[in-house]
Amino acid sequence: MFYQFLKLLIRLGLKIFCRRIELRQAGQLKQPGPLLVIANHPNSFLDAVIIAASFRHPVHFLARGDAFHKPWHNRLLRLLNMVPVYRLSEGRENLDLNTRAFEACRAILSSNGIVLIFIEGICINSHRLQPFKKGAARIAEESIHLDNFRVLPLGIAYDSLSRFGKTIVIDAGTPVKVPHLLPFGDQAKNRRYFNEQLFVRINHLIHIPDAALSSKPAGVLALPAIIGWLLHAPLYLLIKTIVRRKTRYTVFYDSVLFGALFVIYPLYLIAVKLILLIAGARVWIILIVLLLHPLTALCVARGLPLRKP
């Protein structure tokens, strides 16, 4: 219940943060499990947020293990269907915990669930694919016996990896039954073949939107967009400045910016409401102001010319 409610809120948040999200082969995102979704990873945890929000059914995904160290982080991330996985760079002593991650994936798939993994195993702000790791192939191997277990290759691409009002293209490929990707008796040969096949398929699914087309303003929305910018600029610019300093424009910048806006914006609207109540504003004025904020915010990315990335 919490996941579905949060997914609805995230979809609303993405409509403000993004100019457009284009789903190609959207029917593939409505499939039930057992399904292993394998995607590229150009934009930190924003990739997972956008992909999961685009699926009809709940999606579980593997995430950096170091994000789970604090107890309240651990509880929250698990509520979001995240499964911790560790890399060697995060400490050799943590690698044994990956056994639990693979066990969790087997349990999810056995329950006809959906698992998302970023097969590159690292995030770099680039649409050029990095060498694939063996984790996805291992998950596929360990659940190959499941009926109708499929792999869904998926590509995600952005016209900008740092700009508000971005255009995103998600293209889903044709699902492949797992035995077709692991046809050999030798494990090493199977994993190499698995990665080679997925590399070709995902590479063909990465379609970077034309930044010049994305930056063209929509004339009919120009006026509400200007109003929206004037209403939100102080808050947005403050949050953007803080996030930029904290992340130092690393691969986490875009994701942290979205996360900060997603959490702070509702609190901001509550604060506006309280200020108006204290000031003695009429109820209808408060309602208009509260409606005007999100409605004009929706117009900003669509109605104003945006800087090129």
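No lab work stands behind these numbers, since they all come straight from the coordinates. All values reported here derive from a predicted model rather than from experimental measurement. As a convention, Cβ positions derive from the backbone with ideal geometry for all residues, glycine included, and neighbour counts pool all protein chains shown.
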Amide H contacts of Arg19 (H built 1.01 Å from N, under 5 Å, at least 5 apart or other chain): Gly165, Lys166, Thr167
Proxy reagent accessibility, fewest Cβ within 10 Å first, across Thr250, Thr296: Thr250, Thr296
Cross-link pairs Lys15/Lys246; Lys15/Lys177; Lys166/Lys273; Lys7/Lys166; Lys7/Lys273 - those with Cα-Cα distance over 22 Å: Lys15/Lys246; Lys15/Lys177; Lys166/Lys273; Lys7/Lys273
Magnitude of the charge dipole, the chain, Cβ model with Lys/Arg +1 and Asp/Glu -1, debye to 20: 680
Whole-Hz ³J(HN,Hα) from phi, Karplus 6.51 cos²θ - 1.76 cosθ + 1.60, for the stretch 124-131, glycine and proline x: 10, 5, 7, 8, 6, 5, 8, x
Calculated [θ] (222 nm, deg cm²/dmol) that DSSP helices of n ≥ 4 give over the chain, each run adding -39,500 (n - 2.57): -16000 deg cm²/dmol
Cβ-based exposure ranking for Arg302, Arg24, in which fewest neighbours within 10 Å come first: Arg24, Arg302
Residues of type aspartates and glutamates that Lys70 reaches as a straight line, Cα spacing below 18 Å, ignoring anything fewer than 8 places off in the same chain: Glu90, Glu93
Order of Tyr193, Tyr265 - criterion: other Cβ atoms within 10 Å of each residue's Cβ, fewest first: Tyr193, Tyr265
Amide proton proximity set for Ile119, modelled H, under 5 Å, gap of 5+: Ala39
Cα shape, the stretch 215-303, gyration tensor, a/c 1.5 rule: oblate
Rg to Rh quotient for the chain, alpha carbon positions, Kirkwood Rh: 1.01
³J(HN,Hα) computed for each position of the stretch 196-209 - Karplus, 6.51 cos²θ - 1.76 cosθ + 1.60, integer Hz, glycine/proline x: 5, 5, 5, 4, 5, 5, 5, 4, 6, 9, 9, 10, 6, x
